[in-house]
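I have placed the structure first, in the form of structure tokens, so that the comments after it can refer back to it.
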Amino acid sequence: MLSVRGLYAIQRNAIFLLVPFLTDAEQLSVIKDSKLKDVLTNFVLLAETPESSKMFARVFRVQEHGECDGSPDTCPKSTMYIAVSENGEYPEQKLYQLPEGYNWEFIKWVSFPETEDPPSNLILKVKSQKPSKDVNKSWWVNETYTLKVNYQAGSWEKE
């Protein structure tokens, strides 16, 4: 013979089993683009231009999963992205990608464009790390780069 507590448990479980069939919920679409999935689920926003800037930009980093395993070459790499946009209702936009490297970081905005039209540029500094030639002394050597970007073109150079 079932107790009142046992009947209550059966009723509660029956309701949970029926709930999906009693709603008008639709299944969500799954995005199959694995690169887009990795970027959108793993990005870190490193910097964003202030509202006063004539051009809008965001700097993102996407880090591989994992950890170092005894040497710098085994460490996870990261990729840096710079998204640039003009202001306006239908803005021109560009997305730039720096090569895969170790520990990409945003350092600072160097200057903002005087006008919103190219050839004016946003200028920023970033850094990454490279494995040292003498890993007994240090695993990493910092490398700093200056980037000049707008919504039509972008360039970078090592300092």
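The values are calculated or read from the model by the stated rules, or taken from the named source; none is laboratory data. Here the structure is a predicted model, which is why all the values come from computation and not from measurement. Every residue, glycine as well, gets a Cβ built from its backbone with ideal geometry; the counts of neighbours run over all protein chains shown. Please note that ligands, DNA and RNA were not included when accessible areas were found on the heavy atoms of the full protein model with its side chains. Shrake-Rupley method; radii C 1.70, N 1.55, O 1.52, S 1.80 Å.
The table below lists the values:
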quantity: Checklist (1) of a type in the set (K, R); (2) at pLDDT below 95; (3) assigned to a strand (DSSP E or B) applied to K127, failing item; calculated: (2)
quantity: Some residue of segment 83-101 being hydrophobic (A, V, I, L, M, F, W, C), farther than 16 Å from L122 by Cβ and not in a strand (DSSP E or B); calculated: no
quantity: Residue in segment 52-83 that is farthest from P118 (Cα to Cα), counting only those that are in contact with a Phe, Trp or Tyr (Cβ under 7 Å, 6 or more places away or on another chain) and open to solvent by 60 Å² or more (accessible area, probe 1.4 Å); calculated: K77
quantity: Enumeration of residues in segment 21-51 that are modelled with pLDDT of 90 or more, closer than 30 Å to V110 by Cβ and open to solvent by less than 100 Å² (accessible area, probe 1.4 Å); calculated: N42, F43, V44, L45, L46, A47, E48, T49, P50
